[in-house]
1. Please return the ranges of strands (runs of 3 or more DSSP E) entirely within region 177-224 where 2 or more residues are more than 30 Å from Trp322 (Cα to Cα) and hydrophobic (A, V, I, L, M, F, W, C).
2. Can you name every residue in region 350-368 that is of a type in the set (Phe, Trp, Tyr) and outside any loop (DSSP other than H, G, I, E, B)?
3. Quickly run through region 318-332 and pick out the residues that are within 28 Å of Pro268 (Cα to Cα) and either touching a residue at least 40 places away in the same chain (Cβ under 8 Å) or not in a strand (DSSP E or B) (or both).
4. Out of all the residues in region 279-308, which are of a type in the set (A, V, I, L, M, F, W, C) and either crowded, with 16+ Cβ neighbours inside 10 Å or in contact with a helix residue (DSSP H, G or I) (Cβ under 6 Å, 6 or more places away or on another chain) (or both)?
5. I'd like the residue in region 236-278 that is in a helix (DSSP H, G or I) and not aliphatic (A, V, I, L, M) and, out of all such residues, is surrounded by the fewest Cβ atoms within 10 Å (Cβ to Cβ).
Amino acid sequence: MKFKREMARKSSIFLTSGVESLSWESWYSLIHPSRGCKPPHTEVADTSTYISPCSSHQLSPTSSSFPSSVPSYHASPASSSFPSPSRYDANASSSYILPFLFKLASIPPSLPPLCISNNAPISEASKNYRRLSNEFSKLGLSANGWEAAHATFYGDLSGGETMQGACGYGNLFDQGYGLETTALSTALFNNGATCGACYEIFCDKSSSPWCLDGSIHVTATNLCPHNYANPGSWCNPPLKHFDLSMPMFLKIGQYKAGIVPVFYKRIPCTKTGGIKFEIKGNPNWILVLLHNVGGVGDVTNVRIKGYYTDWIQMSRNWGQNWQTGVNLFGQSLSFEVTTSDGKIVWSEYVAPASWQFGQTFEGKQFRS
């Protein structure tokens, strides 16, 4: 009764003085004179430059986004439904700004403090992230940047069936890729633009009993084609899938599994020597295959320059084969190569004026 009489007295003072003349601290002290989340002295009713622990900019467990132990009738300064000073409307009427203050006597004195709890419920996504973080930490890895996919294998232990392929490469041993290669599903292949990209992959032991420890590093050299006649095909879009060379698959999964769940992320490509330019075609149509590309690995743009010409834009023919219809035969050649991260490398006059079709020349390299 003493509390209610005190509130009634303060209410009469409040209504007499007018809503607009009171600051955030003043009306708040009328309700909770000694408890709750009291804003700091630097925050006033008509400014939004300071975000306090009670500001509506901060998501609160008492808001509708979280199940709260606080009753739903409890108006919280951290809730988006509450007109806090940081959302103050100077043109609003007093009945809109603080309508509940006209019913001070009806506010139960036993309400809990208006503080933000640090005990917000943990979502399933958070639990999964923690689980994955634990798995990654066992391998000395960070959970950041990893994505889920599946992996199978094709070919045999010699890697014979992995040679050539949709990226335009030839003998992968001669070109520096060896058996550390993978074919990508349609969603990852990106019409050949991802050819040459490098990945780190490891098996998800928490989801499969057929996983082995450790991770592998592979380069994208081929396409795992979609099969729309079979809706369950692992390489159909939008699925992210790696069809590894058999030796690479056997480093992370057991042969009898056939397919395993994996996590993957892009990594820098570590290559020996410079970028290789293999020149094919005829005098009126030059086709250049780029391989052994370091850095992020996937080439997004190529320009060529003859000794007597300016820079000429080339277009992607397929995979990492780039073409031009300009006759440059008999001129020394320079190349400008851009990768997906925007980095550029210029290799000047890497091919002498005496170059011939079928030859390969080595230029400069991206730094990993």
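Rule-based calculations on the coordinates, nothing more; no lab input. This one's a predicted model, so the numbers in the text were calculated from it and none came from an experiment. Reconstructed Cβ throughout: ideal geometry from the backbone, glycine too, with neighbour counts over all protein chains shown.
1. By residue number, 198-203.
2. Answer for region 350-368, where residues must be of a type in the set (Phe, Trp, Tyr) and outside any loop (DSSP other than H, G, I, E, B): just Phe361.
3. Trp318, Gly319, Gln320, Asn321, Gln323
4. Ile279, Ile286, Leu287, Val288, Leu289, Leu290, Val293, Val296, Val299, Val302, Ile304
5. From region 236-278, those in a helix (DSSP H, G or I) are 246-252, 255-257; that's our starting set.
Of the ones still in play, those that are also not aliphatic (A, V, I, L, M) are 247, 249, 251, 255-256.
On the way: Pro247: 19, Phe249: 28, Lys251: 18, Tyr255: 10, Lys256: 6.
By that ranking, first place goes to Lys256.
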